[in-house]
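Trainee: First the structure, then my questions, so here it is.
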Amino acid sequence: MATANKTCSLGRRIYRFTVSVSGVIALLIILWGCTANDFNAGAIAWKTYSNSRYGFEFPYPSNWTSLAVPANDDGIAFISPQNNSVEIRGWASQQLPNSIVTVQESVKKIKSNFQTSQGVSGVMVVEVDQQVGSMTLTLTQSQVKYSLQGRSKSQEFQDYYRLFYYIAQQYRITKL
């Protein structure tokens, strides 16, 4: 009986290891085609979204459609004309004074790994699961948390990664 339990336990560990490795390999394959170096921004007609409440702006393809602006004017979302499951969202929020310490501590734990062309450092997180792929940039200046996110179905994410990355690079905080 003890041998059967050991065999079962070993089998579960091998299965978990295989699933973990398979997930990592799948993510690497998806991101392998996601280099931002060969993106041709000049081939796209651009517009710029500007948010006067929080003082940020970012470019978006001129043929993308904006969704309804929230009543609090904290940001906006745009969807692709070819595929309404592809979207770009930009928003900001004022942080409460007691949450600033918590956020600053969190940022120390997660080192900045991205810098906009304006020179503002932030954290870029890329997540791809079986359904959705997303790239989220978070910048924190003073008491404001700025966010930009590009999302698509996971199987299409590598097609949009370069676009999302370019937009993140061009993100600007106008109230520095």
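Trainee: In the stretch 39-81, which residues have a backbone nitrogen under 18 Å from the label point lying 7 Å from SER117's Cα in the Cα-to-Cβ direction?
Mentor: In the stretch 39-81, the label zone of SER117 (backbone N under 18 Å from the point 7 Å along Cα→Cβ) covers 39-51, 56-63.
Trainee: Find how much the distance from GLU156 to ASP74 grows on full extension, using 0.36 nm per residue of separation minus their present alpha carbon separation; answer in nm with one decimal.
Mentor: 26.7 nm
Trainee: Residue by residue, what Karplus-based ³J(HN,Hα) values in Hz, rounded to whole numbers, does the stretch 62-72 have, using 6.51, -1.76 and 1.60 with θ = phi - 60° and x for Gly and Pro?
Mentor: Here the 3J(HN,Hα) series is 5, 8, 7, 9, 8, 7, 4, 6, x, 4, 7 Hz.
Trainee: Sticking with this structure for a sec: Obtain the nm distance between the two label points defined at LYS175 and SER62 by a simple spin-label model: each point lies 7 Å from its Cα along the Cα-to-C-beta direction.
Mentor: It is 2.9 nm.
No value in this document is a laboratory result; all are computed from the given coordinates. Computed from a predicted model, the values in this text were never measured in an experiment. Reconstructed Cβ throughout: ideal geometry from the backbone, glycine too, with neighbour counts over all protein chains shown.
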